[in-house]
Amino acid sequence: MENYFTTFIDIVGTFTFAISGIRLASGKHLDWFGAYIIGLVTAVGGGTIRDILLDLPPFWMLDGKCFAITGVALLATLLFKDKVFRWANTLMLFDTIGLGLFTIIGISKSMDAQLPFWVCIIMGTITGSVGGVLRDVLLNEVPLLLRKDIYAIACIAGGGVYFLCIHLNVSKSLTELLAALVVICVRLIAIKFQIHLPVLKSIKDV
Amino acid sequence: MENYFTTFIDIVGTFTFAISGIRLASGKHLDWFGAYIIGLVTAVGGGTIRDILLDLPPFWMLDGKCFAITGVALLATLLFKDKVFRWANTLMLFDTIGLGLFTIIGISKSMDAQLPFWVCIIMGTITGSVGGVLRDVLLNEVPLLLRKDIYAIACIAGGGVYFLCIHLNVSKSLTELLAALVVICVRLIAIKFQIHLPVLKSIKDV
Amino acid sequence: MENYFTTFIDIVGTFTFAISGIRLASGKHLDWFGAYIIGLVTAVGGGTIRDILLDLPPFWMLDGKCFAITGVALLATLLFKDKVFRWANTLMLFDTIGLGLFTIIGISKSMDAQLPFWVCIIMGTITGSVGGVLRDVLLNEVPLLLRKDIYAIACIAGGGVYFLCIHLNVSKSLTELLAALVVICVRLIAIKFQIHLPVLKSIKDV
């Protein structure tokens, strides 16, 4: 799993997730340290929960670069905030790329732990989406994941493609690339065409 | 522990907890996926935290039926919602049965891990009640558990009876049944007669 | 690590953290049990998350005195609440002492697990501050830690001094005392002179 492609995935995903966390933290009257923590939790939360569930040491104990990357993300936000925050579309793109990449890392790590494929897909989904859930809980909001985004479902679709490719003996790098692209495309298409799942009506609406 | 009684416990408890989660999720503008996740977290959250604390693999990694049961619960809610949600009393009963059953599973699993009896009772209480706490945190509410329900205290009472029965050499199945009944009865009596613990007054009330 | 000094640290820290949790719980319409749980989570939450991350059994499974100490804290609050709550400054002092002591316990336990020093400092910070974060999440507030307090930064400073002392071959007890004092002094100075980190401005303020 340790190759340049995976390392690149890791850095880009961490940076984009941290930026997305810091962006949501602004306007909540957090101080710089609080914003850093929200960025960090968004970036490493999913992977940490995955590692706890897999009974592995949290990945950031073995490699602290996520702490530095989150610091760079905070610095970039402080220096170029008006630009960073107005690039809403670009950020959505980054966030989606991060989602695809993290999902694949999660699946890959779970396969190394010899888990059945459906558990691997769940672990990939957790890696990609739980950081954002923790971010929203800390910022005292109902998680975006639960409300209207095709988010976790994109992860699950990507996971399905991952195992299809494995089954067809596609090479590991190509499998990872294809599965990440599926996650990214499903989410981008859902955003572009405003595809949502139906809302669960409340009892008063019945 | 693996017998028909325990399997039945497991399925009924999962279904009732999932329904209770989905019910609270409605009216919060969640989509169907969000409602599914809330149902799932309510049903498996307590057991997952217990397994993490006991350093065991989360139970749903070994047996994915909770995912299917939550799906059935969501489907039942979508199809018969006006009925399901108006049966408030029936649901409270189901929820209480789930509480009793999950508490016993938690105690039983902790005993298999050779823990002292007071830790087993805490693990039973966590199994029964933490799913609801996670549900409330995700839905951005102060957990009901902390506010006014005789909930965890019913689990603790059932745990006490469990160890009394073990001490008296009652058979395992009968012990589990009796302890579950105590949890269920304590909670039902508390609801029926509106028995609450006193509220901690704020400084302004002093 | 098992000596009188550490045991004393543990008891005082647990009591002060429990009091700080119960104090914040009042005015939130929690019942006595809910207030007890908030006190307990504040006191043991950080150490529990640390132990899960270190893959150790949660410390309270091996030694249940935190449950009794939290009970005493609740009793003291119920009996002397008008006094306890009006001693706001004294409580801030206690809370700060608890912070210093818990941070040192967390660092010490991580060193026993042979982790690199920067991970030990993070674990110390988690031990000292995550209990308060869980308390705020359960009480449905944005964690104070993220908003304006020099809290985690005091832990990090104390952690730095800890490793400086180790490097200079200072005895373990003196190292722990010095590091705890640094945590306590940094926080007290920050409170006294109202030193805050800058707030991250929202996009609307740009």
Discussion item. I'd like the interface area for chains C and B: accessible area of each alone minus the complex, both sides summed, 1.4 Å probe, protein heavy atoms only. What is it in Å² to the nearest 100?
Written reply: 2600 Å²
Fill in: nm² value of the averaged projected area, convex hull over the Cα atoms of the protein assembly as shown
29.1 nm²
Discussion item. If the only charges are +1 at each Lys and Arg Cβ and -1 at each Asp and Glu Cβ, what is the size of the charge dipole of segment B:141-206 around the Cα centre, to the nearest 20 debye?
Written reply: 160 debye
Worksheet entry | Quarter of Cα convex hull surface for segment A:25-140, i.e. mean projection, nm² | 7.5 nm²
Worksheet item: About its Cα centre, what dipole magnitude does the protein assembly as shown give when the only charges are +1 on Lys and Arg Cβ and -1 on Asp and Glu Cβ, stated in debye to the nearest 20?
Response: 1820 debye
Worksheet item: Shortest first, in nm, what separates the label point of B:Ser202 from those of the same position in the other copies (7 Å along Cα→Cβ)?
Response: 2.3, 2.3
Practice prompt. Positive end of the charge dipole of segment A:4-195 (Lys, Arg +1 and Asp, Glu -1 on Cβ, about the Cα centre): tell me which of A:Leu54, A:Thr175, A:Leu146 has its Cα farthest that way.
Written response: A:Leu146
Discussion item. Defining a contact as two alpha carbons under 8 Å apart and six or more residues distant in sequence, what relative contact order in percent does segment C:4-205 show?
Written reply: 23 percent
Response to the item:
Expressed as a whole number, the average count of other chain Cβ atoms within 10 Å around the Cβ atoms of B:136-147 is 6
Response to the item:
Computed over chain B, protein heavy atoms only, probe 1.4 angstrom, the accessible area per residue in square angstrom equals 44 Å²
Worksheet entry | Portion, in percent, of the accessible area of the protein assembly as shown that falls on carbon or sulfur, probe 1.4 Å | 70 percent
Fill in: Debye, to nearest 20: dipole size of chain A, +1 on Lys, Arg Cβ, -1 on Asp, Glu Cβ
640 debye
Item to complete: Place the label 7 angstrom along Cα→C-beta at B:Lys172 and in each other copy, then list the distances from the first to the rest in nm, shortest first.
Response: 4.2, 4.2
Discussion item. At 7 angstrom along the Cα-to-beta-carbon line, where would the label on B:Lys83 sit relative to the other copies? Give the distances in nm, shortest first.
Written reply: 6.1, 6.1
Discussion item. Output needed: percent of Cα pairs per 10 Å distance bin for segment B:74-206, bins running from 0 to the one holding the longest distance.
Written reply: 12, 35, 32, 16, 4, 0
Worksheet entry | Filter on C:Lys83/C:Lys192; A:Lys201/B:Lys192; A:Lys109/B:Lys28; A:Lys109/C:Lys148 - keep pairs with C-alpha separation over 28 Å | A:Lys201/B:Lys192; A:Lys109/B:Lys28; A:Lys109/C:Lys148
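The values are calculated or read from the model by the stated rules, or taken from the named source; none is laboratory data. Quick caveat, the model's predicted, so the values are computed rather than measured. Cβ coordinates were reconstructed from backbone atoms using ideal geometry, including for glycine residues, and neighbour counts include every protein chain displayed. Areas reflect the complete protein model, heavy atoms only, side chains present, ligands, DNA and RNA absent. Shrake-Rupley method; radii C 1.70, N 1.55, O 1.52, S 1.80 Å.
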